[in-house]
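Written below as structure tokens is the structure these notes are about.
Laboratory data are not the source of any read-out in this text; all were calculated from the coordinates shown. Given the structure is predicted, the values throughout are model-derived calculations rather than measurements. Neighbour counts run over all protein chains shown; Cβ positions are idealised from the backbone, glycine included.
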Amino acid sequence: MEKIAKELPSEPVKLGSALYIERPPVEAKVCQEITKEGCIIRIKSPQKMGKTSLVLRLIEQAIKLNYFTVYIDFLQADEEIFSSNDKFLRWFCANISKQLQLESMINDYWDAEIGSKVNCTFYLGHYILPKIKTPLVLVINELSRIFEYSTVASDFLALLRSWYESARYDSIWRQLRLVLVYSTEVYIRLNINQSPFNVGLSVELPEFTVEQIQELALRHHLDWFGQAGKRYAFELKSLLGGHPYLVRVFLDFLVNNHDIKFEKVLEDAHTMTGIYSHHLRSLLTAVIKHPELVSALKELIYNTKVTFNPIIAYKLESLGLVKLDEFHCTFACELYRKYFTAQNLDQLSVWQFMKKLQQENEDLKKTTNTDEITLLSNRRYFDTALNLLWLMLLDEEAPMSMILLDIDHLKIYNHSYGHKAGDDCLKKVGNVIKKVVSNFSQRGLYQIKVARYSGGEFAILAPGRTVDTTLDIAESIRKQVKDLGIQQTQRVFGLAASVVTVSLGVVCTIPSEDKSPSILMEIARQALHESKNNGRNCTSVRLIN
């Protein structure tokens, strides 16, 4: 048998390729849905299930309909893009302008007074959509990446929902057709009326059936005719569960190594000499970096069905390792069960490897999760912690409190003494916060989280603490910072205090399904502004019912 033209299984199936297997009614449904005004299509499946191949065909259909198309891949965004809503939404708008070959008018539409979300909405609704005058299919690939940045994610996802709702009464927004592509469930809390994940058309790509595997084998020019071919397809599905990528790897290997028996390839598939060795090693490396995932897989090896907490379940699903029924997990296919069972995760050598990878991760986290001046956590880490702790407290009806603290007149201090002195001031205030929090952390089940949030702002998350306890923490910090006696240039600028002081906002609530964790930061900032309006060097308190 001659080798067929090489089409790598790891790449999307090319347009017009005979190797694309349709999975009715998926293709027909999305191509029909894209013609509907103001629609949202949500394509969710684990890695390597064929999402990109489907999107290519959806874009092809849109082009046939003379629609404009924009494809934004969040994997292409630099880490710093997600550091703030403003930076992220400017990047988002710039991408759209560039792909449509329109002049960027972002600065003309950006007004700090009305906020980034309104600016972005105006840019699309008053510039982009009127300019093109025809439907725009906007594909957002790897949307899952934004889930790591809870504040940016909550605002952006709510923005998508608002555009969808606007199409009901505003003809300009009926031009927009959104296609959201992601690999796992959303594990951030969203108000049901602000989520784009409960409207529009939801699509999950199914695995290949036995008949589809047999058909794909025939398209690879393999002699899988009749009942004998069906038996091969059945055995392959029993091992691989019909996963498109895994099936393509197997068939691609057979067609280019026709002297090796089907049974031999099947028998060795889960071993380190088998055809999936690279893929399986990459999964092991991904899992072993996270001890909680290792523990979960160990439990799954000894039990056919296990219930995990949502975050662990979603991470395993995103990797394609498990199938979910609610939060009940089973291995996605027999190949993965055999491979991870053979790894014997209890062995010391594996744990040593894990520790090495953990150390490498810790080194990396110092640059991604730690503020380099104060060595406290940074905003990214804090936002993630807020989201996760909110989920944990939902069922406990326990209080969640937050302190937002700002160094009074830090800009004036930097102007007077220089940025090096300003950095030293930040370190000293950070040390006071760490000291006070350390004393209070000894009480309560949950650890208090501290981060330098931005500029002279510090955020303190106090899960399980009442408003009275949190107010005690805030007042202790305020008094001890003043007692540092860091000299401020009072006479030149007429400041209220001759030493550096801080203003604080305290907020407390009971997490619930109808509230988003982002409300804590919003109300804490209001309380902080109240303290500044009251002359600074004081603490204001807000409660959220």
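Details
- Ranking 291, 302, 321 by how far each Cα lies toward the positive end of the dipole of the chain (charges on Cβ) leaves 291 at the top.
- Across the stretch 204-265, Cα-Cα pairs farther apart than 14 Å form 50% of the total.
- Charge dipole (the stretch 373-429, unit charges on Cβ, about Cα centre) - positive-most of 398, 387, 429: 429
- Each 10 Å bin from zero holds the following percent of Cα-Cα pairs in the stretch 386-545: 11, 41, 32, 13, 3, 0.
- Net charge dipole, the stretch 102-213: roughly 360 debye, given to the nearest 20, about the Cα centre with Cβ charges of +1 for Lys and Arg and -1 for Asp and Glu.
- C-alpha center-to-center spacing [the stretch 191-246, the stretch 32-57] in angstrom: 16 Å
- Residue-averaged 222 nm ellipticity for the chain, from DSSP H runs of 4+ at -39500 (n - 2.57), nearest 500: -15000 deg cm²/dmol
- About the Cα centre, charge dipole magnitude for the chain (Lys/Arg +1, Asp/Glu -1 at Cβ), debye: 640 debye
- Net charge contributed by nearby residues that have their C-beta within less than 11 Å of residue 88 (K/R +1, D/E -1): -1
- Spatially, the stretch 61-136 and the stretch 275-297 are offset by 37 Å when compared through their Cα centroids.
- Rg ratio (alpha-carbon, reference 2.2 N^0.38 Å) - the chain: 1.13
- Set 36/87; 411/449; 479/515; 14/64; 14/261 screened for pairs whose C-alpha atoms are more than 21 Å apart: 36/87; 411/449; 479/515; 14/261
- Given charges at beta-carbon only (K, R positive; D, E negative), |dipole| of the stretch 379-543 in Debye: 800 debye
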